Amino acid sequence: MVELLTQREFLIAVLAAICAASIVFTFGSSLIGRSKVKDRIRRVALERDRLRAEEMARLRGGAAAGEGRGSIRRNGETKDYMKNIVDRFSLRQAFQDDATLDKLAMAGYRGQGHLTTFLFMRFVTPLAIFFLAALYLLVLNTGGRPLYLNLVYAIGAGLVGAYLPNLLLRNATQKRQASIRRAWPDCLDLMLLCVEAGMSMEHAFKRVAREIGQQSPELAEELALTNAELSFLEDRSRAYDNLGRRTGLDGVRAVMTALIQADRYGTSVGQALRVMAEEGREARMMDAEKKAAALPPKLTVPLILFFLPVLFIVIMAPAFIKIFGMPNSPL
């Protein structure tokens with residue numbers, strides 16, 4: 001293995017493969033981004049239809065509630081074998097808790113289809129990694145180790161694989177929250193302009209979702225869902241609370257709490273948005289100052305390792321050259 005990794009032909013092949021993969025990823029990222037935007041639009045439309053069906057069923061007396069939900073969610077169902085495995089092994093009782101749906105919503109995954117896929121992956125991933133590791137360690141490359149030691153390594157790989165779905169979910173959540181956090185102050189400013197122009201909250205959310213989509217498609221999706229909930233839910237505070245719960249950001253929760261209080265006690269929504277927008281700008285300025293203040297300690301190690309040796313060489317090299325060039329030099 002060491003000889004293979006140190007061969008020049010192998011290193012050239014690896015670098016060529018990395019370059020080719022980078023080129024493919026660079027040119028394909030735009031197409032992937034477009035497909036994600038279309039998928040977000042489709043999910044928003046499905047969620048809006050589901051809310052409309054539930055509200056119409058509630059107004060009709062609840063007779064067709066289950067039928068309406070089934071017709072809407074049928075398009076979002078996963079494969080039948082995933083659902084059968086989840087139901088047969090009772091994976092909902094084993095892996096699902098009160099925070100599972102909220103975690104999936106923070107990552108942008110909503111509905112029973114995504115929940116079933118997540119539970120299926122939590123069950124299958126450690127088993128698949130265990131069997132692959134066992135196949136490699138016991139059949140392909142034993143390495144002269146005892147059998148029990150290879151089994152221990154395979155079991156360890158399976159235990160590590162058990163955390164892989166949660167790790168991927170946490171990574172998707174962090175990326176989504178970072179996108180929403182960057183665009184949230186601008187969203188507050190736009191929402192304040194819309195409210196002060198005389199728009200209602202429903203029209204303000206709709207217009208801001210249309211404008212902010214170029215900067216953050218994730219935030220535009222959440223605002224569109226909130227607009228749908230404001231139109232169909234009986235309690236407006238529930239729609240505001242759902243937005244804060246889906247994003248999982250303290251700044252969004254604070255603004256939604258202010259809107260709930262303004263709607264409940266009849267205070268000015270524009271004043272509440274103005275105060276929260278100012279606080280958002282101050283928080284963004286404080287974050288920028290914090291990052292700027294953290295630069296000197298971070299630059300200390302690169303300065304010592306890279307800049308100071310080069311500086312010493314540049315300063316002392318002419319003196320050494322002159323000393324070595326003297327005919328009677330002792331060196």
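Since every read-out is calculated from the coordinates, none of them should be taken as a lab result. Keep in mind that what you see is a predicted model, and the values were worked out from it rather than measured. Every residue, glycine as well, gets a Cβ built from its backbone with ideal geometry; the counts of neighbours run over all protein chains shown.
Could the peptides 284-294, 175-185 be put in order, highest first, of the mean number of other beta-carbon atoms found within 10 Å of their residues?
Output ranking for 284-294, 175-185: 175-185, 284-294.
Below 8 Å, C-alpha to C-alpha, sequence gap of six or more: please give me the relative contact order for the stretch 179-291 in percent. Could the numbers behind the result be given before it?
Numbers: 108 pairs, mean separation 29.4, N = 113.
26 percent.
What order do you get for 145-156, 107-118 when each peptide is scored by the mean count of other beta carbon atoms within 10 Å, highest first?
Working: 145-156: 13.5, 107-118: 19.8.
The peptides rank, most packed first, as 107-118, 145-156.
Using per-residue counts of other Cβ atoms within 10 Å, averaged over each peptide, order 186-199, 217-230 from highest down.
217-230, 186-199
Calculate the radius of gyration of the Cα atoms of the stretch 179-291 to one decimal place, then report Dmax, the largest Cα-Cα distance, as a whole number, both in Å.
13.2, 43
For Ile155 and Glu9, what is the calculated FRET efficiency with R₀ set at 41 Å and r taken between the beta-carbons, to the nearest 0.05?
My answer for the efficiency is 0.65.
Holding the Cα-Cα limit at 29 Å, pick out from Lys206/Lys290; Lys79/Lys206; Lys175/Lys291; Lys103/Lys298; Lys175/Lys290; Lys83/Lys206 the pairs that are longer than that. Mind dumping the intermediate values first?
Numbers: Lys206/Lys290 34 Å; Lys79/Lys206 34 Å; Lys175/Lys291 19 Å; Lys103/Lys298 33 Å; Lys175/Lys290 21 Å; Lys83/Lys206 35 Å.
From Lys206/Lys290; Lys79/Lys206; Lys175/Lys291; Lys103/Lys298; Lys175/Lys290; Lys83/Lys206, over 29 Å: Lys206/Lys290; Lys79/Lys206; Lys103/Lys298; Lys83/Lys206.
Tell me, in nm to one decimal, what length is gained between Gln215 and Val310 on full extension, where the rule is 0.36 nm per residue of separation less the Cα-Cα distance?
On the way: separation 95, 0.36 × 95 = 34.20 nm, distance 4.21 nm.
Gain on extension, Gln215 to Val310, equals 30.0 nm.
With r as the distance between the Cβ atoms of Leu295 and Ile323 and R0 = 30 Å, compute the FRET efficiency 1/(1 + (r/R0)^6) and round to 0.05.
0.15
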